[in-house]
Amino acid sequence: MSPNIKQTGAGISKDRIRKIGFFLVALLTIARFGIVPLITEVEKKKSVIEDYKVTYASKMELLKRYMSIDMNDYPEVNQELSQLVFPKESNKTSVQTDIVKFLTTTAEGRQLNVSNFQMVEGSEGSVITEVTVIIKLRGKPKKIIEFLREVQNHKPLVRIKNIELNQSGDTEYAAKIVASAYIRKP
């Protein structure tokens, strides 16, 4: 036996015990700083998922209640809704044409120049159908704001979904406006 290696009572050298101790400390350090934060992160994610489940369940319950309402039982709601959306028998293309005509007439009444318009494919929902148009116009900022206020007060409802404003001269702005209206489904 070598004089540098000392034996313990069980026949394991002190160097071997030191190596095992070092690996054990390294393993525990990795567990503390590597695995424990991952476990807490997973727990946080589980909590977020549970919150989403609760929110989803409540939204589904509200949707079920809404779908079960018979509008004929609530004439005041039905009347208000009929003022805000286009009638059930409306055609998408004709509604888009009506919106373009309204937006163009309103813009020209505010001394704005309509440079372009585009009819965009809308989306179908279970209760309403959305129809969308894009209109591009130029004019003074104050006139654009007046135009937007008038559009906001229009019945049936025309919702401004997006506005892009770019300065196109010293006093003029170019606006690209995405607007939508809604049709009730039968």
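Between 0 and 90 degrees, the angle of helix 141-152 with respect to the longest Cα principal axis of the chain falls at about 90 degrees. Other residues lying with their Cβ under 12 Å from the Cβ of residue 122 contribute a combined charge of 0, Lys and Arg counting +1, Asp and Glu -1. Annotation for residue 15 and residue 56: the two label points, set 7 Å from Cα along the Cα-Cβ direction, are 6.0 nm apart. Helix 75-84 and the longest principal axis of the Cα set of the chain meet at an angle near 90°. Projecting the Cα atoms of 148, 48, 103 onto the dipole axis of the chain, where Lys and Arg carry +1 and Asp and Glu carry -1 at the beta carbon, places 48 farthest toward the positive end. Using the Cβ-Cβ distance between residue 68 and residue 89 with R0 set to 35 Å, the FRET efficiency from 1/(1 + (r/R0)^6) comes to roughly 0.90.
Given a cut-off of under 8 Å on Cα pairs at least six residues apart, what relative contact order in percent is computed for the chain?
On the way: 210 pairs, mean separation 35.0, N = 186.
The normalised contact order for the chain reaches 19 percent.
Across 50, 150, 80, mean-square fluctuation computed from a Gaussian network of the chain (C-alpha pairs under 10 Å connected) peaks at 50. From helices alone, the chain scores -16500 deg cm²/dmol at 222 nm; the rule is -39500 (n - 2.57) for each run of n ≥ 4 DSSP H residues, then divide by the residue total. Helix 92-109 and the longest principal axis of the C-alpha atoms of the chain enclose an angle of approximately 70°.
Structure remark: mean-square fluctuation, Gaussian network model of the chain, C-alpha springs under 10 Å; the largest value among 29, 104, 129 belongs to 29.
Readers should treat all values here as calculations from the given coordinates under stated rules, not as data from a laboratory. What you see is a predicted model; the values in this text were computed from it and never measured. Glycine also receives a Cβ, built like all others from the backbone with ideal geometry; neighbour counts cover every protein chain displayed.
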